[in-house]
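Have a look at the structure below before the remarks.
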Amino acid sequence: MCRSVMVLCQFLAIFSSMALAAEKPNIVIINVDDLGYADIGPFGSTKNRTPNLNRMAAEGKRLTSFYAAPVCSPSRAALMTGCYPKRVLPIPLVLFPVSAVGLAPEEITIAELLRDAGYATACIGKWHLGDQPAFLPTAQGFETYYGIPYSNDMGPVADGARSDLGRPIPKPRRRPDGTVFSELGETGIRGYGQPPLPMLENDRVAFRVGPTQQQETVSGYTDRAVAFIEANRERPFFLYLPHSAVHFPIYPGKAFAGRSQHGYYSDWVEEVDWSVGRVLDAIRKTNLAERTLVVFTSDNGGTRRGTNAPLRGHKGSTWEGGVRACTVAWWPGSIPADSVSDAICGMHDILPTAAAVAGIELPPGRLLDGRDLSRVLKAPGNTAAGPHDSFLYFRGLDLQAVRQGRWKLHLSQKTLYDLAEDIGEQNNLASQYPEIVLQLNQLVADCDADLGRTEIGPGCRPLGRVAKPEPWIPSQRDGRSNQPSGNVD
């Protein structure tokens, strides 16, 4: 009798797990670093070969007005929290190694929402929301983490962190007195005094990252992503795969270096495409395609190495080329094949969209700026109106531009552009449409009362903070270190 009860309980547990997996879709976010708007075939590249992304777009939907932020950390804060970056990570630029501040542990991330709803959660790749233990993915809802906690150029010059594959090691920049330039502030160490670049596994250093390891990031991340998918095929999962590629320094893998005929940058773009193909193939082979939403995007616009055409500007700016990201959503059977939407949307919409498709209620009393995009994703063609009529363009703490519908106003230049007719922001129409300028300035006033136009406004939430941030230093003996001991204030 006891054995029969035990077998029945096991059967019910398996059945319950299968039922949970069937009703909650898997969610995969592939976030590439510094990829240009037109660096992939679905967005116009004829130079970079991206057959897997071409197929993904042919089977899914291109989002052509998907906004990130001008630089890394703010963009990732928006993705994790469903908010404008300034609301949850009010910093001037990005985070650096040994930062005393980071995304506050009190913030409710997409990983925490999904984990608490029964999802397996993993972050594999670049984090860049704080490198102290209280800020790492394992403290923000991810059950497992493997990756570099910040950018792949934030390490010693001698380790190849400031030079591309095969290039000479540059000399450190020095002050007039001859000392090496280095600055320590609350956002971490800038300059040439940064500690060795660590590859973390959960809360330990797996190894020190040098040129050889830089070349292995895409393949290493991809192998782990595929293994995670295969290991969790029987339960819903959330996989966040933020690549270090194609951020400087450029280190395509050995199988891709020199293969494209267009230089190492193109090689690395093509390796990212290969990675996307492996992830999608793993989903197909486990018969999970119709139960899995995959979003491919970039954390900001491309640098001058890449191509943002027909957009103006590059990473670091609030021109469209600095903040629009080439984005493809894929979910066979739910997202119409070969479709496109120009609805205003962005990183801050990923959390509420994930919650909606998973049937999860958003946290009560928590202000979000993002909205559910599932209606846009599932609508045929470009037929669904987006949930946003406007967008605020921040660079750090500074509101530099606003958009409403087709109109975009740059504040310092006092220039107005019609993005529907002039996506390249070439023709200033401010003098012809003073009423539109006035209308957009009301958005600026509303923002100033909430997040602040240049200063930290009342709607900004506190940063996470530790008293004594410490570096991750691999030991000489085994490549590992104990975690830093900084505690949240």
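The values are calculated or read from the model by the stated rules, or taken from the named source; none is laboratory data. Everything numeric here is computed off the predicted structure, so don't read it as measured data. We place every Cβ from the backbone using ideal geometry, glycine too, and count neighbours over all the protein chains shown.
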Name, by its number, the condition in (1) β-branched (Val, Ile, Thr); (2) outside any loop (DSSP other than H, G, I, E, B); (3) over 21 Å from Asp39 (Cα atoms) that does not hold for Val328. (3)
Within segment 111-119, does at least one residue satisfy the condition of being closer than 27 Å to Leu399 by Cα and of a type outside the set (Ser, Thr, Tyr)? no
Just give me the residues in segment 134-149 being touching a strand residue (DSSP E or B) at 6+ places or on another chain (Cβ under 8 Å) and either of a type in the set (Phe, Trp, Tyr) or in a helix (DSSP H, G or I) (or both), in sequence order. Ala134, Phe135, Pro137, Thr138, Phe142, Tyr145, Tyr146
Give the number of residues within segment 174-191 that are surrounded by fewer than 18 Cβ atoms within 10 Å (Cβ to Cβ) and touching a strand residue (DSSP E or B) at 6+ places or on another chain (Cβ under 7 Å). 8
Arg395 passes all but one of (1) more than 18 Å from Ser75 (Cα to Cα); (2) basic (Lys, Arg); (3) in contact (Cβ under 8 Å) with a residue 24 or more places away in the chain; which number fails? (1)
Does segment 241-251 contain any residue that is touching a Phe, Trp or Tyr at 6+ places or on another chain (Cβ under 9 Å), over 23 Å from Pro133 (Cα atoms) and free of Cβ contacts under 8 Å to residues at least 60 places away in the same chain? no
Could you tell me which numbered condition Gly479 fails, if it satisfies all but one of (1) at pLDDT 95 or above; (2) surrounded by fewer than 16 Cβ atoms within 10 Å (Cβ to Cβ); (3) of a type in the set (Gly, Ala, Ser)? (1)
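Can you pull out every residue in segment 177-190 that is part of a loop (DSSP other than H, G, I, E, B) and modelled with pLDDT of 90 or more?
The first filter runs over segment 177-190 and keeps only residues part of a loop (DSSP other than H, G, I, E, B), leaving 177-179, 181, 186-187.
Result: Glu186, Thr187.
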Considering each residue of segment 295-316, count those that are of a type in the set (Ser, Thr, Tyr), assigned to a loop (DSSP other than H, G, I, E, B) and within 17 Å of the chain's Cα centre (by Cα), and give that number. 1
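Scan segment 394-437 residue by residue and report those that are aromatic (Phe, Trp, Tyr) and touching a Lys or Arg at 6+ places or on another chain (Cβ under 7 Å).
Of everything in segment 394-437, those that are aromatic (Phe, Trp, Tyr) and touching a Lys or Arg at 6+ places or on another chain (Cβ under 7 Å) turn out to be Phe394, Tyr417.
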Check on Tyr221, in contact with a strand residue (DSSP E or B) (Cβ under 6 Å, 6 or more places away or on another chain), at pLDDT 95 or above and closer than 19 Å to Ile30 by Cα: yes
Note: among Ile344, Ile335, just one is farther than 26 Å from Ser151 by Cβ and touching a helix residue (DSSP H, G or I) at 6+ places or on another chain (Cβ under 6 Å), namely Ile335
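Have a look at Thr297, Thr307 and point out the one that is in contact with a Phe, Trp or Tyr (Cβ under 8 Å, 6 or more places away or on another chain), under 24 Å from Gly405 (Cα atoms) and modelled with pLDDT of 95 or more. Steps first, please.
On the way: Thr307 fails: under 24 Å from Gly405 (Cα atoms).
Result of the check over Thr297, Thr307: Thr297.
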Filtering segment 139-156 down to residues that are out of contact with any Lys or Arg (no Cβ under 8 Å at 6 or more places or on another chain) and surrounded by fewer than 21 Cβ atoms within 10 Å (Cβ to Cβ), which residue is modelled with the lowest pLDDT? Pro156
Select, from Ser485, Ser431, Ser412, the only residue that is at pLDDT below 95 and either in a loop (DSSP other than H, G, I, E, B) or in the same structural domain as Val88 (by TED's automatic domain parsing) (or both). Ser485
Identify the single condition in (1) touching a Phe, Trp or Tyr at 6+ places or on another chain (Cβ under 9 Å); (2) more than 30 Å from Ala337 (Cβ to Cβ); (3) charged (D, E, K, R) that Asp398 does not satisfy, given that it satisfies every other one. (1)
Odd one out for Arg115 among (1) in contact with a helix residue (DSSP H, G or I) (Cβ under 8 Å, 6 or more places away or on another chain); (2) more than 27 Å from Ser163 (Cα to Cα); (3) not β-branched (Val, Ile, Thr): (1)
Please give the helices (runs of 4 or more DSSP H) falling wholly within segment 39-120 in which 3 or more residues are polar (S, T, N, Q). 72-81
Go through the residues of segment 330-341 one by one and say whether even a single one is under 20 Å from Tyr67 (Cα atoms) and not hydrophobic (A, V, I, L, M, F, W, C). yes
Scan segment 169-214 for residues that are closer than 19 Å to Pro133 by Cβ, free of Cβ contacts under 8 Å to residues at least 60 places away in the same chain and of a type in the set (Asp, Glu) and jot them down. Glu201
Any chance Val294 is in contact with a Gly (Cβ under 7 Å, 6 or more places away or on another chain) and surrounded by 24 or more Cβ atoms within 10 Å (Cβ to Cβ): no
Output yes when any residue across segment 456-467 is buried (at least 17 other Cβ atoms within 10 Å of the Cβ), on the phi > 0 side of the Ramachandran plot and under 28 Å from the mean Cα position of the chain (by Cα), and no when none is. no
